[in-house]
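Undergrad: Take a look at this one; I'll ask things after.
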Amino acid sequence: MTTTLATARTAPRDPLARYWSRNRLEPYALVLPAMAILAIFFAGPALYNIALSFQQLSLFDLGREGKWVGFDNFVEVLTDPATGHALFNTALPLTIVTVAVRLALGLGLALLLNASVFRRWKLGWLVRSLVLIPWVTPPVVAVAAWKWLLDARYGVVNQLLVGLGIIQQGIPFLAKTNTVWGAVETMLIWRELPFVVITFLAALQSIPSDLREAARMDGASELQIQTRVVLPLLRPVTAVIVMLTTIWTFNNFVYVWLATRGGPGDYTQVLATQMYTASFVDYRMGSGAAIGVVMSVIMFAFALIYFLVVFRERDGVR
Amino acid sequence: MKLFRAWHGLALASTVITTLALAGAASAQDKVQLTFRQFDPPTEIGGLVTAVDAWNASHPNIQVKLETMGGGDTLAQLAREVPAGAGPDVQQMAFVWTRDLARSKLVLDLDPLIAADPPGAGIGDFLATDLATLDGKIYGLPWSADTFSMAYRPDLLAAAGIKSFPDSWDDLATASKALTDTAKGQYGFCFPAGSAPDGGMWILANYYLWSNGKTLLEETSPGVWKLGVTAADIAGAMTYFNAYFANGLTPDSLITVNSWGDPELVGGLGRGDCAITFFPPQTFRAAQGQSEQPLLTAPIPKGSVKRISHLGGRALGINANTKHPKEAWEFVRYLVGPETFKTYNQYPAQKSLLASLNFPAAEQGYVDMLPLAQTFERYISSPLQVSTMTALINREFGAVYSGQRSPDEAAANVIKELEDGLKAAAKG
């Protein structure tokens, strides 16, 4: 009798509420709007892109169904030597080099900005704001400004180098194969560095000062504190930064396209510019979509392997 | 009585408001809003803005909103918008786009509109209608025509002891040597040598090949296409233009310049950084505006066979989705009319209007080249996309200029990709 009364008191009277409660549908209902937005704005276009990659379709026939060609687009893309060249450029000079430099510079700058002198003089807000300036500059403006700075004849950089007697004549940085990647990487690193600095800075400021004090009392030097205490605590945030910057840079189109359009020749062609050229210059939407799918697969594989390695290490699995 | 007056006043006010509202609604219904999109740089369209403003002032019921979009993106944007039921009512198109848009029915067949209300002095008066025609129907009305000519600083040529403008490509190279003084930062010949898919090298490379009796593709019999060049021909063209960089007659910085409208060229001529370059008319006028010294034009150098340039220009198309085809056509007829060309800074694509035009003496180069100019019909009718060929030529010439590839390697790439394209097209 007691049990029956208790059940009657806790069970909802409304049949719909009873059904929901019984089937535990509330969580699903709550995430439904977010899932719908994801489906419409992310999954939908992604699926459409995958479907396009199996079709032969001109840019001018978008909205119509193309000719289904199976894996022909993938075969064409993967056997094209230009893809190998673009993949190498995307992986090494564009992604690996710039991510590594951003990581090193970002950590160094964050350690500097975390110095107690800035807090003591209440200048933390100022330096954080200054660091953010490149990041709030639109990439288009940033690249245009850098192109002007690097101009062979009228650019400030060349005028400075000539004025100091380091070089005799201005260097056309974006026209020479031995300087063009350096120039593009400089633009990218300058614009994207603040994200790394600010993220590291936030992580540094969340490390309790007690830990440093304890290490200091145990006789650790400043260098030992940084290498044995601070850096290990930064590993989780470093993992996230590497992950995000790698994916963003690998897929990036803006810097190379605005700075060089893939040139001179095809020297700086990357997968993203190759995809654009296939789709909007050659009008081969299927080939462009296939390059997009290949890029997604590569990044998906990277993310999977990276997370497996990072989390296995974090969880102590060897 | 007071109540009656109040009711009377209220009724009167209601009637007036309702009448005004209905009239407003009716007038809003009658008023047509068209969008006209063009792709020339904002610095070059002052005259067009004046012409559109004049239309809006005289056509209160057909108002036109002028949109500008960067040239390189316009075609792709149209191809995305129109299938989705959007896009401008009237679109400025490069001559070479019309057939691609027509083939996919993204622009209206203009034949019924032309038959009902012919433009200008009749369709027979228009130039380059071949490029606007697909399966015997006209999809774009030729609007403006232009070609390129050489542009130069006569004072610099005189100072270098050059009495007449170089007549051939070889003469141009010789003159450039005499005009180059790197200590002064003065170069003989400047041209857009960038590798971008829409760069200007394509134009110059074709002029060189055509003038030497070659062409990238040729139609041997109806529908049968083959290469009209050998690897040696392409390598020869690459070697010729690369010599300007190798001999220091052209600044290396131009390897990154894609457009003839780039400040390095437009301003460079005025500053005296460049003695000779090549421009279409509106860019030449922009350069004149920035130059303290007089500028002149001269014909494109001749090759071993002839002197030639291309007849380019713009056509006007009507969006296949427009709700107002008649009004759009009325506006198109206005744009090709003589009133527009009083302020619009382009040459009209109509024989009668061209004949009545007074060319300034400085633009004599265009007067000389227009009769020799040929359209890109030879490529547009081929199974390869003109944009693909443009990208290929610019990329491979750029690879030679930057030292990535030798002329022979780059020429072999051009030949291979053209042949692969023809084979793929033959397979369907």
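The values are calculated or read from the model by the stated rules, or taken from the named source; none is laboratory data. Predicted, not measured: the structure shown is a model, and the values here were computed from it. Quick reminder, even Gly has a Cβ in these numbers, built from the backbone with ideal geometry, and neighbours come from all protein chains shown.
Undergrad: I'd like to verify a number: residues in region A:96-123 that are part of a helix (DSSP H, G or I) and either within 26 Å of A:V242 (Cβ to Cβ) or outside the structural domain of A:F200 (by TED's automatic domain parsing) (or both), how many?
TA: Residues meeting the conditions: 18.
Undergrad: List every residue pair whose Cβ atoms lie under 8 Å apart, where the two residues are 6 or more positions apart in sequence or sit on different chains, the first residue falls within region A:205-226 and is surrounded by 10 or more Cβ atoms within 10 Å (Cβ to Cβ), and the second residue, located anywhere, is not in a helix (DSSP H, G or I).
TA: Once the first residue is surrounded by 10 or more Cβ atoms within 10 Å (Cβ to Cβ) and sits in region A:205-226, its partners that are not in a helix (DSSP H, G or I) give A:Q205/A:N114.
Undergrad: Of all residues in region B:179-208, how many are within 12 Å of another protein chain (Cβ to nearest Cβ) and either among the aliphatic types (A, V, I, L, M) or on the phi > 0 side of the Ramachandran plot (or both)?
TA: Total satisfying the criteria: 5.
Undergrad: Of all residues in region A:244-265, how many are buried (at least 24 other Cβ atoms within 10 Å of the Cβ) and either among the basic types (K, R) or within 11 Å of chain B (Cβ to nearest Cβ) (or both)? Spell out how you get there, then give the answer.
TA: Filtering region A:244-265 down to residues buried (at least 24 other Cβ atoms within 10 Å of the Cβ) leaves A:255-256, A:259-265.
Next, from what is left, pick out any that are either among the basic types (K, R) or within 11 Å of chain B (Cβ to nearest Cβ) (or both): A:259-265.
Total satisfying the criteria: 7.
Undergrad: Pick from region A:173-190 the residues that are more than 14 Å from chain B (Cβ to nearest Cβ) and surrounded by fewer than 22 Cβ atoms within 10 Å (Cβ to Cβ): which of them is farthest from the chain's Cα centre (by Cα)?
TA: So the residue we want is A:G182.
Undergrad: Every residue in region B:369-401 that is closer than 25 Å to B:P301 by Cα and part of a loop (DSSP other than H, G, I, E, B), please.
TA: B:T375, B:F376
Undergrad: Consider A:F195 against the criteria (1) assigned to a helix (DSSP H, G or I); (2) within 14 Å of another protein chain (Cβ to nearest Cβ); (3) under 28 Å from the mean Cα position of the chain (by Cα): it satisfies all of them except one. Which criterion is unmet?
TA: (2)
Undergrad: Identify the single condition in (1) under 18 Å from A:Y276 (Cβ atoms); (2) not assigned by TED's automatic domain parsing to the domain that holds A:P134 that A:H85 does not satisfy, given that it satisfies every other one.
TA: Among (1) under 18 Å from A:Y276 (Cβ atoms); (2) not assigned by TED's automatic domain parsing to the domain that holds A:P134, the lone unmet condition for A:H85 is (2).
Undergrad: Any residue in region A:285-305 that is within 14 Å of another protein chain (Cβ to nearest Cβ) and not small (G, A, S)?
TA: yes
Undergrad: Could you say whether any residue in region B:212-233 is at positive phi and surrounded by fewer than 20 Cβ atoms within 10 Å (Cβ to Cβ)? Working first, answer last.
TA: Pass one, region B:212-233, residues at positive phi: B:213, B:223.
Subset that is surrounded by fewer than 20 Cβ atoms within 10 Å (Cβ to Cβ): B:213, B:223.
There is at least one residue in region B:212-233 that is at positive phi and surrounded by fewer than 20 Cβ atoms within 10 Å (Cβ to Cβ).
Undergrad: Taking the criterion of being of a type outside the set (D, E, K, R), within 12 Å of another protein chain (Cβ to nearest Cβ) and under 27 Å from B:L209 (Cα atoms), would at least one residue in region B:355-378 satisfy it?
TA: no
Undergrad: Something else now. Please work out if A:G286 is touching a strand residue (DSSP E or B) at 6+ places or on another chain (Cβ under 7 Å) and not aromatic (F, W, Y).
TA: yes
Undergrad: Go over the candidates B:L370, B:L357 one by one and state the one that is without any contact (Cβ under 8 Å) to a residue 60 or more places away in the chain and outside the structural domain of B:V305 (by TED's automatic domain parsing).
TA: B:L357 is the lone residue from the list that is without any contact (Cβ under 8 Å) to a residue 60 or more places away in the chain and outside the structural domain of B:V305 (by TED's automatic domain parsing).
Undergrad: For residues in region B:96-131 being within 16 Å of A:S58 (Cα to Cα) and part of a helix (DSSP H, G or I), which is farthest from the other protein chains (Cβ to nearest Cβ)?
TA: B:T98
Undergrad: Sticking with this structure for a sec: Please tell me if A:I207 is modelled with pLDDT under 95 and either within 22 Å of A:G124 (Cβ to Cβ) or touching a Cys at 6+ places or on another chain (Cβ under 7 Å) (or both). Steps first, answer last, please.
TA: Working: modelled with pLDDT under 95: yes; either within 22 Å of A:G124 (Cβ to Cβ) or touching a Cys at 6+ places or on another chain (Cβ under 7 Å) (or both): yes.
Criteria met by A:I207.
Undergrad: Filter region B:62-95 down to residues that are surrounded by 21 or more Cβ atoms within 10 Å (Cβ to Cβ) and assigned to a strand (DSSP E or B), then give me how many there are.
TA: 5
Undergrad: Of the residues in region B:132-145, how many are more than 14 Å from chain A (Cβ to nearest Cβ) and surrounded by fewer than 24 Cβ atoms within 10 Å (Cβ to Cβ)?
TA: Residues flagged as more than 14 Å from chain A (Cβ to nearest Cβ) and surrounded by fewer than 24 Cβ atoms within 10 Å (Cβ to Cβ) within region B:132-145 amount to 5.
Undergrad: Hey, does region A:269-279 have a residue that's more than 12 Å from chain B (Cβ to nearest Cβ), more than 17 Å from the chain's Cα centre (by Cα) and at pLDDT 95 or above?
TA: Within region A:269-279, one or more residues are more than 12 Å from chain B (Cβ to nearest Cβ), more than 17 Å from the chain's Cα centre (by Cα) and at pLDDT 95 or above.
Undergrad: Still on this structure, I have one more. Check off (1) outside any strand (DSSP E or B); (2) closer than 22 Å to B:R37 by Cα for B:A178 and give me the number that stays unchecked.
TA: All conditions pass for B:A178, except number (2).
This table checks each residue for (1) farther than 24 Å from B:L127 by Cα; (2) in a strand (DSSP E or B).
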site: B:Q293; (1), (2): yes, no
site: B:T297; (1), (2): no, yes
site: B:R307; (1), (2): no, no
site: B:G317; (1), (2): no, yes
site: B:T322; (1), (2): yes, no
site: B:E330; (1), (2): no, no
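Undergrad: Identify, from the list B:F376, B:F397, B:F359, the residue that is aromatic (F, W, Y) and under 19 Å from B:W97 (Cα atoms).
TA: B:F376
Undergrad: If you don't mind, another one. So which residues in region B:147-172 are surrounded by fewer than 24 Cβ atoms within 10 Å (Cβ to Cβ), farther than 14 Å from B:G188 by Cβ and in contact with a strand residue (DSSP E or B) (Cβ under 6 Å, 6 or more places away or on another chain), if there are any at all?
TA: Residues satisfying the conditions are B:P154, B:S168.
Undergrad: Only residues in region B:156-170 that are within 26 Å of B:W210 (Cβ to Cβ) count as the first member; pair them with residues that are of a type in the set (F, W, Y) and surrounded by fewer than 19 Cβ atoms within 10 Å (Cβ to Cβ), Cβ under 8 angstrom, at least 6 apart or cross-chain, and list the lot.
TA: Sorted first by the residue in region B:156-170, then by its partner, the pairs are B:W169/B:Y240.
Undergrad: Another question, if that's okay. Mind checking which residues of region A:125-172 are assigned to a helix (DSSP H, G or I), among the aliphatic types (A, V, I, L, M) and crowded, with 16+ Cβ neighbours inside 10 Å?
TA: Passing the criteria: A:V127, A:V131, A:A142, A:V143, A:L149, A:V157, A:L161.
Undergrad: Of the numbered conditions (1) in a helix (DSSP H, G or I); (2) at the interface with another protein chain (Cβ under 10 Å from one of its Cβ atoms), B:A425 fails exactly one; give the number of that condition.
TA: Of (1) in a helix (DSSP H, G or I); (2) at the interface with another protein chain (Cβ under 10 Å from one of its Cβ atoms), only one is false for B:A425: (2).
Undergrad: Got a number for residues in region B:385-406 being of a type in the set (S, T, N, Q), out of contact with any Gly (no Cβ under 8 Å at 6 or more places or on another chain) and facing chain A (nearest Cβ under 7 Å)?
TA: Here the count works out to 2.
Undergrad: Okay, next question. Is it the case that A:V31 is at pLDDT 90 or above and within 14 Å of another protein chain (Cβ to nearest Cβ)? Please lay out each step first, then the result.
TA: Values: at pLDDT 90 or above: yes; within 14 Å of another protein chain (Cβ to nearest Cβ): no.
In short, no.
Undergrad: Keeping to region A:155-178, report how many residues are under 19 Å from A:V143 (Cα atoms) and of a type in the set (A, V, I, L, M, F, W, C).
TA: Matching residues across region A:155-178 total 6.
Undergrad: Here's something else I'd like to know. Can you name every residue in region B:171-208 that is of a type in the set (S, T, N, Q) and without any contact (Cβ under 8 Å) to a residue 40 or more places away in the chain?
TA: B:T174 - this is the single residue of region B:171-208 that is of a type in the set (S, T, N, Q) and without any contact (Cβ under 8 Å) to a residue 40 or more places away in the chain.
Undergrad: Considering region B:212-246 alone, what residues qualify as being out of contact with any helix residue (DSSP H, G or I) (no Cβ under 7 Å at 6 or more places or on another chain), outside any strand (DSSP E or B) and more than 14 Å from chain A (Cβ to nearest Cβ)?
TA: Of everything in region B:212-246, those that are out of contact with any helix residue (DSSP H, G or I) (no Cβ under 7 Å at 6 or more places or on another chain), outside any strand (DSSP E or B) and more than 14 Å from chain A (Cβ to nearest Cβ) turn out to be B:N212, B:G213, B:P222, B:G223, B:G228, B:T230, B:A232, B:G236.
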